[in-house]
Amino acid sequence: MTSIRWLHLTDFHQGMGGQKWLWPVMREQVFNDLARLQEKTGGPWDLVLFTGDLTQKGTPEEFQALENNLARLWEHLRSLGSEPRLLAVPGNHDLVRPTPRKPTVKALATWWDDEEISSEFWKDDTSEYRRMVTEAFTPFVDWQRTSKFSGRPLTPGLLPGDFSFTVTKDDVSLGIVGLNSAFLQLTAADYERKLVLDPRQFQAACGGDSSDWLARHDATILLTHHPQSWLHPRAVASFEQEILADDNFTLHLFGHMHLGASEITRRGGGASRRFVQGPSLFGLEDFGDGRQTERIHGYLAGQIDFKESGCSLSIWPRVATFKEGNFRVLGPDPRATLDEREAWSDSFMRRGARRRRRPASAPDSIGRPSVIVEPGAGTPSMRSMLSAGDYTRLHGRARLAVERLSTIAKQLGWHNVADQGQDLLKVLHQEPYRVVITGKSRAGKSTLLNALVGRAICPVRRSITTAVPIIIQPGEREFLTVNIEGEHPRLSDGPITQDMIAPYADQQNNPDNEKRVINIRVELRDEVLDLGVMYVDIPGFDDPNGRIWSSTAEVLQTAHALVLVLDVSTVRVGGFALDKQTKELLLDAQKRQCAVFVVCNKADQLNAEENREAKAMVQSALERFGVWDTLTHPPFFLSANEVAVPRQQGKANPPSFNVFYDVVWESLWKTEAIGLRRLYRVFEQLQLASDEVAMLIASRHAKEPERIKLREALQRCEEQRKEIVADGDEAIQHVRAHGARLIKAERTEFRTEVRKWVEALPVGEGLPRPSAGVEALKSSMLNRRHKVAEQVQEKLESRLTRLDSRIRKSLTELRSEAGASAQTQQMQDLSQTLSTWKTQMELVVPEHQGRQVARFAGIASFGITALMGQLFGLGALVGTAVSWVVGLFTDSADTPSELEEGVAQTFESNWDQFAASLDQQVSEIGKSLTQRIRSNMTRFMREMWTQLEDIRDVTPEEHQLFEHLKTETEQATVSLQTILQAAK
C-alpha cells in the first residue's frame, strides 16, 4: 500500500489586525497538534495545500511576513521528519485591490450582463481586463515563484494562480489542479453567486488537454478558494459539466467560509463528489449588534491510501474549541462524526484501474508530471525538477526533428529553409553550459566536484591529482570516454568509479600527463547536469607544467561559469592570500560576464574567530580587486570533505554545503544559456519553420488570381519592412543620445557631491587620503550608474514597443490580404497559418542570473528569447567591475582642492568606461534588431516569392514527413515549456 498525506490550510490572513499578539500562542497549539496527528496517521506529510487568503491585503510585505511564518512551520515539520511541498491558490485577499472607480473595474463588474466583456477577457490576454487582473495578483505570483517551500515545476494556467502539479510516490500518481476563483472579486463588494470558474482555466492548467492529464493520475484533487455556492448560476452549470464532470476529481478542497464543513454527493447513480471546506487557520469574525469578535482556528489533514483492491480517503478535521477555564485547545472538530482515528473516511476506485486513456508507450505530449523527490539522508535539500536523462533524450529529439526539416526542404527545393536547418544543427552541436571548478592545487576542487554529483568520480589524494580536464556531462546512462592524443578513444560502460579514471587523471599514475590524455568525459544522470550543464574539473592554475597549464587555460576561456575554490585553512598560520593569478582569473571572468561562485573550502579547520577573520580577509581582497559587487553570491564557507559521498551513505550533509548546492541550482535554473533553454529555442525555431513549411505547401495550390493578390501583399510588406528597419535604427540612435544626456547630468551632479563631501570634512583635522573619498562615495556612484542603466532600458522598451506595434500591423495587413484573396480551402489554411508569423517578431528580455532590470512584461511571450538575447547586457552594466585605483602618483592630498580633484578624477575615468560600455551595448542591440527583422522577414518572403512560381504538388510521402516533423516538434516544445515555466 502507498499513502500520500497532506495538510490543508486556508484563510491565514497574514497582516490581519491583532495577529501579531494572538497568533504566537495558537501557533504552538497547531505545532503540538501536528505532532499528535502525525502519530495517528503514521507517516510524514508530502504536501501542504493552501486554499487562499494567505494574506490580508496581498502586499509584497505581507507575503514576506507569510514566508517567515512558513519557515517556522517548515522547521517544525522537518523536526517531525517531513519535507512537504507547498501548493497554493490565491483568495480574494491575496490581491492588491485596484481603485473601484477605475472604468476597467466597473466594466468587469458587469461580467454577467455584458458578454463582450467576458469574451474579450478570455480571448485576448493583452486586453486591459486581463492586464488589470495580472497586475492585481503580481505579489502573489512573485511569492509563489520565489518561495523556497513552493512545489516545482508547476504547469501554469491561464490566470495568475492557476496551475497543475503531480506527486509521484512509489507506483502511484496524485494530480492537483489549482484554479483562481477570486479574479473577479476586485473590490470589497458582495460577490456571492457572482464569481466564475471557467473550463478554459482548467484546460490551460492541464497543459491544454485535461483528458490526457486526468488519464495519467490515479487520484486527483481540485483546489479553489471559493466554494461552488459562490459561483454565478451560469458558472455553476459549466463548472459541474466541464470541470467536475462525472468523476474528474477525487476531492475538491476550498476555504473562504472560515468554518470547516464536508459534503459527499452522488446524483443519478453517478460518481461521488467530495467537497471539503477547510476552517480558517486564523479567522476573526464580528457578529451581533455589539460587534463581538469570534476567533476561528483550525486546519485539515488528509490521506489517500492506494491499494490494489481500491483506495480510501481519510480526512482529519481539526479546530480550536473552548474548554472550561476559558482557554482553547486544538483537536478534533466536535461537530463532525469521526471514527476512532478522529477521522472520517470514504472509499473510491483508483482512477488508473478504471481506465487508461493512453497506453504507457504513448508519447508525452504535454511533458512529464512534476515529481516530488523525498530527500533521503544526506541528499541536498534542492529537489529534482527533471527525470533522469531528460536533457539527452530531448537533445536527440531535436536532432531528429531538424534532420526531418532539412530533408523536406531539400526534396522540395526550399534552400532558405534548408539553411535554417543547418543553423539549428550548429546550435545542437554546441556543448552544454560549462561550469568549471578551478583554483590552486590541493584546494579541494575534485573533492567539491564529487560532493556536487554525490559520487566519488574524481581521484582525490593528498598530493596533486588532476592532470587533465575531467568533464562530467548529462547522459541517459553512465559512460566513460578517455580521449588520447593520436589514439582511438577508450570507452567503458558504467558504473563509473575513481579507479577507472585514476590511471589517466592521477599525477601518480600519469605524471605530467605523459600519456597525452586530452580529456576524460563521464556521462551521468544527475539533476543539475540534466539542466544541460557540464562540470569540468581542471588542474590547479598554479601547475608549473606548461602543457597541462595550456589545456587548463583553454578550458577557462570557454567557461560559462566558474566555481573558484580557495583553501582558507591557511588562515590558522597566517598564510592566506589571493595572489596575482587569482586576481587575473577573476578579472578575466568579470570581463567576459562569466558567473563566479567563490567557495572557501576547509572552513571546518578554523575556529569561530578564525572563520570571522577569514571572511573579512576574503571580502577585503575581492573588494580590492574590484570584483566583490559582481559575485553571483557572497563566498560560501564550507568543507567539501564533510559531504556524504556517495549520498546513499545515509549521512546528512552540512547545511553550509546544502546552501551552496541550492544557490548553484537556482542560478543555473534562471540562466538563459543552459542547454535546456537552448533546446527550447531550437524547438521554438522548428515550430516557426514548420509553420513556414505549411504556408509554402498551401501556396502551391493557389490559383493565379490568388497569386496576384498575394504578390501585391508581399510587395507592400517588403516596403513596410524597410520602413521598420529605418525606424529601428532611429530608435537606437535616440536611445544612445538619451543615455549620453543622462550620463552627462549624473556626472555633473556627482562632481557636486564630491565637492560637498570635501566641504563637510571636520575643520582642523588632517585631510584624508583620496582613496578614503573613493571608498566613501563609490556606493553613490554605483547607484547613479544603476539609475542611468534603468532609465536607458525604460527608454529602449518604450521605443521598441512602438516598433513592435508597427511589425504587428504590417503582418496583420499581410494576413488580411492573403485571407481576402482566398478562394480555396488551401488559401484559407495559408491565411490562418500567417497569423503565427508575428510570433517571430515579438520582443522580449530573457532572464540572466537575475541581474538585469527585467521588463517587457506586457509584450513578451514565454520562451521567445532569441531576438533580444543581448538585452540583458544593460542590466549587467550595473554590476560591471569598477576600478577604484586612485589616479595619482601618491595617495595623498595637501589641500581640499587637491583632495576633491583626486577623488573626482578617479570617478571621471570610471564614468568614461561606463559611458563607452553603455553605448556599445545599445549599438549591439540595434545591430541584432536590424539583423533579426531582415533575416526573418526577408528569408520567408523570398521563399514565398519562389513558391508562387512553383506549381509542383507535394507528394504524400512529403506530407507524411511534414506531419512527423510537426508532431515531434509540438510534443517536445510543450514538454520543455512545462519544465522551464517553473522558473517564471
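Compute the Kirkwood hydrodynamic radius of region 433-669, taking the inverse of the mean of 1/r over all pairs of distinct Cα atoms, and give it in Å to one decimal.
Hydrodynamic radius (Kirkwood, Cα pairs) of region 433-669 is 18.1 Å.
Just subtract the alpha-carbon distance of His786 and Glu642 from 0.36 nm times their residue separation and send over the number in nm, one decimal. Don't jump to the answer; show the numbers that get you there.
Values: separation 144, 0.36 × 144 = 51.84 nm, distance 4.03 nm.
So the extension gain works out to 47.8 nm.
Full extension from Ala916 to Arg751: what is 0.36 nm times the residue separation minus their Cα-Cα distance, to one decimal in nm? Spell out each step's value before the answer.
On the way: separation 165, 0.36 × 165 = 59.40 nm, distance 1.92 nm.
Going from the current span to full extension adds 57.5 nm.
For Glu308, project a label point 7 Å along Cα to C-beta. Then give me every residue of region 171-214 with its amide nitrogen under 16 Å of that point.
Hits in region 171-214 for Glu308 at 16 Å: 171-172.
Which ³J(HN,Hα) values, rounded to whole Hz and listed in residue order, are derived for region 97-109 from phi using the Karplus coefficients 6.51, -1.76 and 1.60 in 6.51 cos²θ - 1.76 cosθ + 1.60 with θ = phi - 60°, glycine and proline given as x?
Calculated HN-Hα couplings, in order: 5, x, 5, x, 6, 4, x, 5, 5, 5, 5, 5, 5 Hz.
Can you put Tyr680, Tyr433 in order of Cβ neighbours within 10 angstrom, beginning with the fewest?
Ordered from fewest to most neighbouring Cβ atoms within 10 Å, Tyr680, Tyr433 come out as Tyr433, Tyr680.
Ratio of region 599-643's C-alpha Rg to 2.2 N^0.38 Å, to two decimals? Walk me through the numbers before you get to the answer.
Working: Rg = 11.3 Å, N = 45, 2.2 N^0.38 = 9.3 Å.
Expressed relative to 2.2 N^0.38 Å, the Cα Rg reads 1.21.
State which entries of Lys670/Lys927; Lys169/Lys307; Lys410/Lys927 exceed 20 angstrom in Cα-Cα distance in the structure shown. Can you show the working numbers first?
Values: Lys670/Lys927 26 Å; Lys169/Lys307 13 Å; Lys410/Lys927 31 Å.
Violating the 20 Å limit, Cα to Cα: Lys670/Lys927; Lys410/Lys927.
For each of Thr2, Thr224, count neighbouring Cβ atoms within 10 Å of the residue's Cβ, then give the residues from fewest to most.
Least crowded to most crowded, the residues run Thr2, Thr224.
Compute the FRET efficiency between Arg36 and Thr337 as 1/(1 + (r/R0)^6), taking r as their Cβ-Cβ distance and R0 = 22 Å, and round to the nearest 0.05.
The pair Arg36/Thr337 has a calculated efficiency of 0.60.
Using a Förster distance of 22 Å, how high is the FRET efficiency between Glu666 and Asp142, based on the Cβ-Cβ distance and rounded to 0.05?
0.90
Run the numbers for Arg592 and Asp579: contour at 0.36 nm per residue of separation, minus the present Cα-Cα distance, in nm.
2.6 nm
Below 10 angstrom from the Cβ of Val517, what's the summed charge of the other residues (Lys, Arg +1; Asp, Glu -1)?
In short, 0.
Can you give me the relative contact order of region 433-669 as a percent, contacts being Cα pairs under 8 Å and 6 or more apart?
It rounds to 24 percent for region 433-669.
Take the Cβ-Cβ distance between Phe322 and Lys123 as r, set R0 to 60 Å, and report the resulting FRET efficiency rounded to the nearest 0.05.
On the way: r = 52 Å, r/R0 = 0.87.
E between Phe322 and Lys123, to the nearest 0.05, is 0.70.
Just how large is the dipole of region 433-669 about the Cα centre, in debye to the nearest 20, putting +1 at every Lys and Arg Cβ and -1 at every Asp and Glu Cβ?
Working: 25 positive and 30 negative charges, 57 e Å.
Once rounded to the nearest 20, the dipole reads 280 debye.
Rounded to two decimals, what is the ratio between the C-alpha radius of gyration of region 131-279 and 2.2 N^0.38 Å?
So the Cα radius of gyration is 1.04 times the expected 2.2 N^0.38 Å.
So which trypsin sites (Lys or Arg not before Pro) in region 215-274 end up in coil per DSSP with only 14 or fewer other C-beta atoms within 10 Å?
Those satisfying the criteria are Arg266, Arg267.
Quick one: net charge of Ala219's neighbours, Cβ under 9 Å, K/R +1, D/E -1?
Neighbour charge sum, excluding Ala219 itself: +1.
All of the numbers you see were taken from the coordinates with simple rules; none came from a lab. This structure is a prediction, so every number in the text was calculated from the model and none was measured. Here the Cβ is made from the backbone with ideal geometry for all residues, glycine too, and neighbour counts use every protein chain on show.
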